[in-house]
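> Structure provided below as structure tokens; questions to follow.
Please treat every number below as a calculation from the coordinates, not as lab data. All figures in this text were calculated on a predicted structure; none of them were measured in a lab. Here the Cβ is made from the backbone with ideal geometry for all residues, glycine too, and neighbour counts use every protein chain on show.
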Amino acid sequence: MTDPEPPPWVDPAEAGSLRRRIPFRSRGLERCTMCALPPSLCICADLPTIDVATRVLLVIHHVEMKKSTNTGRLAVRILSGGAANVRGAIHGPPRTQVDGPRLVLFPDPAARPVTPADRGKVLVVPDGNWGQARRMINRDPDLLGGELVTVQPAGPSRYGLRRNRRPDALCTF
């Protein structure tokens with residue numbers, strides 16, 4: 001079995017085998033660099049690819065990259081054309097350039113619901129806790145100047161890895 005392509009936050013020159021010790025806050029357990037789970041629980045081989053008409057760019061706060069529960073890395077891996085930029089990494093990988101009109105996914109009172117007419121635009125998603133996401137919207141060049149949009153919740157989430165106290169809030173994945 002060959003190792004999959006390393007994600008954008010892993011330096012290809014240093015990637016080697018993706019089953020190596022990486023700096024997740026996880027009591028020193030060996031973790032997969034793709035899904036951040038221990039090798040016995042790795043889900044990389046089972047992840048589907050979802051074709052989407054809209055290009056999705058995740059702006060992941062550098063602190064989130066160390067969390068094994070970060071769902072952004074899975075979203076980038078699953079979505080066709082998905083990309084990630086790491087915000088605040090001192091020696092991080094080069095940033096993906098954003099071309100074209102941008103929509104910023106954030107539950108702001110001034111945000112409008114996303115519509116089918118938005119296809120073809122770049123959906124930029126801040127990935128971090130609420131404070132980090134708010135600061136990214138006000139400071140990150142990928143998010144500045146983008147139009148704020150929201151998604152209409154389809155009901156309570158069944159996702160159990162991370163939860164939010166706010167009923168209108170969603171985890172990245």
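> Taking Rh as the Kirkwood radius computed over C-alpha pairs, what is the Stokes-Einstein D of segment 42-118 at 37 °C in a medium of viscosity 0.692 mPa s, expressed in µm² per second? Please report the intermediate quantities before stating the final value.
Values: Rh = 14.4 Å.
Rounded, D is 228 µm²/s.
> Still on this structure: If I model a spin label as a point 7 Å beyond the Cα along the Cα-Cβ vector, how far apart are those points for R134 and L148 in nm?
With each label point 7 Å from Cα toward Cβ, the separation is 1.1 nm.
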